[in-house]
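What follows is a set of notes on a single structure, which appears directly below.
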Amino acid sequence: MDILSKVKRYREEENELKWEGTFADYLAIVKERPIVAQMAHSRVYNMINSSGLTQRDGQKLYHFFGEEIFGLETSIERLVEEYFHPAAKRLDVRKRILLLMGPVSGGKSSIVTLLKRGLESYSKTDDGAVYAIKGCPMHEDPLHLIPQHLRNDFTKEYGIRIEGSLSPLNTMRLEQEYGGRIEDVLVERILFSEDKRVGIGTFTPSDPKSQDIADLTGSIDFSTIAEFGSESDPRAYRFDGELNKANRGIMEFQEILKLDEKFLWHLLSLTQEGNFKAGRFALISADEMIVAHTNETEYRSFIANKKNEALHSRIIVMPIPYNLKVSQEERIYEKMIRDSDMNHVHIAPHALRAAAIFSILTRLEVPKKQGIDIVKKMRLYDGEAVEGFNQIDVEELNKEFPNEGMNGIDPRYVINRISSAMIRKDVPSINALDVLRALKDGLDQHASISQENREKYLNYIAVARKEYDEIAKKEIQKAFVYSYEESAITLMDNYLDNVEAFCNKNKIRDPLTGEEMNPDEKLMRSIEEQIGISENAKKAFREEILIRLSAYARKGKRFEYNSHERLREAIQKKLFADLKDVVKITTSSKTPDESHLKKVNEVVARLIDEHGYNSISANELLRYVGSLLNR
Ligand SMILES: Nc1ncnc2c1ncn2[C@@H]1O[C@H](COP(=O)(O)OP(=O)(O)OP(=O)(O)O)[C@@H](O)[C@H]1O
Ligand SMILES: [Mg+2]
């Protein structure tokens, strides 16, 4: 479908969702589907739940965040369980400002954006539908029309508790437009939209001198004052501040602690009492979730100031530390690159991983626990198996530093460095070494890195480089061994014949000459040594292989080259050791021999077809591994 048809369909869909009726009609809807009358916090919570969740290893993964926010499962679980859920149940936390506190570029704004976009879509669904008094700039909850003295009766009949009182403007309209007949008041369905300023508000601090409270609570409309005669006539007031517009939905305060105090005081009564003061009117009820974010330094200096105590007690702080999992960090970079204008550049496999290893190391605290270093800790955090450690150790490590993840390198720095690496290189293809080099070069310009950290970070770049070297060698090994699969099979058959003869104390027959010979000890050892089997352990290992072999034979199964995990590893390593020479020769000599060249081309083709390289990065990898092997 072309874009114009899509636009048309979208408009039609929005039109289909339109609904308008009297308050009496609306009550019929509420009777049938009380959920439409839910309050803002409950709507947010139900929206999150409506995307579903999975439980894994005792951790709840909320799908709502899962596609966009990576590695913050623990923080998000806490956010839902300690704020969204109890707030939806009308517990006291909903009367607090939710303050996301975390290091720069750690995903705070992304979480809030996700909530905002989510609400926009959710308000188009049946369960997320929102209705409002028609023509009200604050899209007031129609149930506010029910007079206070009848609300207990209403609750008994409908099972819904009404909070908040009818706004001054609608009180006046009810009298003047509807002659006090609340059942006739027109109600409409509204769709949340940040652009149209419906149900979603955002407030960003700007110059304190010029920032006006009217931005939050609206202002007098001087053009109509003459018409209505008085400043206290609600018709002479524009209810178009962010707090007005966010009614029924969500209100975001960016960098909240940079705001002038006078703004913050408005939030006190709004959060606690559910209302705020605008112009010369009685308090205006508002039902909105207030989400704010800030960084740790600002937060610390805020709470250090005694004057802020009252406000502080009305804030619920949720730490949003950096992600600490390498594989998730890679996904963050992938997403950021996809969303940027550099997504035409080829990024060689493992380049982002190398960067992620570096970033995560800078965020981790060095473990105190015996026998574990920071690299092992990094692996364990990412769910990798590390010999001698298990899940309990991971939990212990987590407890060692409860505030881990509040410092270190941020994703934005990494992405900036990657883009500068792209600019520097004249081919549109960058690899792990380019990325690590760019990260290293940038450390000098990074304003917030202390001298001490700089040295630590340089060391982590070296660690990341070593990790990458291993990955690179394995990659080439895999590609080579594949091209040499036949050789692997021959080598294994050969080994098995010898092991059989060795264990049964037999001779072995030379396939060509038919001559009887002793088992080839040198060949067997050259394979076993690859996986560290000592002279003393060789007999047990060979017997184990033989037992496996006969077990396969008994079941009529073929013993394949990968039927025994360690043997497979040994064979691959042995082959690779032999191949090293081939790699060295073909990558270093100017005129490699033709059969070698053919193999190398096969390997390059394989890297491209199956491992995500392009011809530049595949050749770069090959050369690099060649140089590693030559060391
Ligand atoms: N855990 C994460 N999952 C997904 N994306 C992330 C994560 N952390 C950071 N990002 C990405 O990093 C970039 C910066 O994140 P964001 O703006 O949300 O951070 P922030 O905490 O609001 O930072 P700041 O304090 O600088 O405002 C975004 O592009 C975001 O997508
Ligand atoms: Mg932000």
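Every number in this text was worked out from the coordinates using simple rules, so none of it is lab data. Fair warning: this is a prediction, and the values are worked out from it, not measured in the lab. In this analysis, Cβ positions are derived from the backbone assuming ideal geometry, glycine residues included, and neighbour counts consider all displayed protein chains.
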Low-density loop trypsin sites (Lys or Arg not before Pro), the range 78-120, at most 16 other Cβ within 10 Å, DSSP non-H/G/I/E/B, are 89, 90
Any DSSP H helix in the chain with Cα axial reach of 30 Å or more and mean Kyte-Doolittle score of at least -1.0? Listed by number, the hits are 565-588
Looking at this model, which pairs from 377/456; 245/277; 196/277; 196/307; 124/258; 538/573 are more than 26 angstrom apart at the alpha-carbon? 196/307; 124/258
Among bridges DSSP assigns within the chain, what percent are antiparallel (round to 5)? 50 percent
Above 32 Å lies some portion of the pair distances; for the chain, what is it as a whole percent of all C-alpha pairs? 63 percent
May I ask which residue of 570, 527, 549 lies farthest towards the positive end of the charge dipole of the range 523-576, with charges of +1 (Lys, Arg) and -1 (Asp, Glu) on Cβ and the Cα centre as origin? 549
Sparse-neighbourhood loop hits (GluC sites (Glu not before Pro), the range 181-214; DSSP loop; Cβ within 10 Å at most 11 others) -> none
About its Cα centre, what dipole magnitude does the range 256-391 give when the only charges are +1 on Lys and Arg Cβ and -1 on Asp and Glu Cβ, stated in debye to the nearest 20? 340 debye
Positive dipole terminus of the range 372-456, leading residue within 413, 391, 428 (C-beta point charges): 428
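If we count every other residue with Cβ under 14 angstrom of residue 344's Cβ, Lys/Arg +1 and Asp/Glu -1, where does the sum land?
Combined, the nearby Lys, Arg, Asp and Glu give 0.
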So who's got an amide H within less than 5 Å of the one on residue 248, skipping anything under 5 residues away but keeping other chains? H placed 1.01 Å off N, in plane. 287, 288
Mind ordering 198-204, 526-532 by average Cβ neighbours within 10 Å, highest first? 198-204, 526-532
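Please give the charge dipole size of the range 121-222, origin at the Cα centre, charges +1 on K and R Cβ atoms and -1 on D and E Cβ atoms. Round to the nearest 20 debye.
On the way: 11 positive and 18 negative charges, 20 e Å.
With Lys and Arg at +1 and Asp and Glu at -1, about 100 debye.
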Give the share of C-alpha pairs in each 5 angstrom bin for the range 302-457, from 0 to the last occupied bin, in whole percents, shortest bins first. 1, 8, 16, 17, 16, 13, 12, 8, 5, 2, 1, 0
Would you please give the residues with an amide H less than 5 Å from that of residue 315, counting only those at least 5 places away or on a separate chain, with H modeled from the backbone geometry? 97
Less than 14 Å Cβ to Cβ from residue 390, Lys/Arg counted +1 and Asp/Glu -1: what total charge do the surrounding residues give? -2
Over the range 204-323, what is the percentage of antiparallel beta bridges among all DSSP beta bridges, to the nearest 5? 50 percent
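Would you mind working out the magnitude of the charge dipole of the chain relative to its Cα centre, with +1 at each Lys and Arg C-beta and -1 at each Asp and Glu C-beta, to the nearest 20 Debye?
It works out to roughly 1020 debye.
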When you count, for each residue, the other Cβ atoms within 10 Å and take the mean per peptide, how do 535-543, 452-460 rank with the highest first? 452-460, 535-543
Helical mean residue ellipticity (222 nm; -39500 (n - 2.57) per DSSP H run of 4+; nearest 500) of the chain: -16000 deg cm²/dmol
With point charges of +1 on the Cβ of Lys and Arg and -1 on the Cβ of Asp and Glu, referenced to the Cα centre of the range 204-298, which listed residue (224, 292, 266) lies farthest in the positive direction of the dipole? 224
Candidate cut points under GluC sites (Glu not before Pro) in the range 1-61, DSSP loop plus at most 16 other Cβ atoms within 10 Å of their own Cβ, are none
Sequence gap at least 6, Cα distance under 8 Å: using those rules, report the relative contact order of the chain to the nearest whole percent. 12 percent
Whose amide H sits under 5 Å from the amide H of residue 293, counting only residues 5 or more places off or on another chain, with H placed in the peptide plane? 100, 253, 255, 256
Before anything else, pin down the relative contact order of the range 208-297: Cα pairs under 8 Å, at least 6 apart, normalised by residue count, whole percent. 31 percent
J(HN,Hα) series, the range 54-62, from Karplus relation 6.51 cos²θ - 1.76 cosθ + 1.60, nearest Hz, glycine and proline x: 10, 9, 9, 6, x, 10, 8, 10, 7
Quick check: net charge around residue 316, other residues with Cβ under 10 Å of its Cβ, Lys/Arg +1 and Asp/Glu -1? +2
Neighbour counts of other C-beta atoms within 10 Å: give me 337, 392 arranged from fewest to most. 392, 337
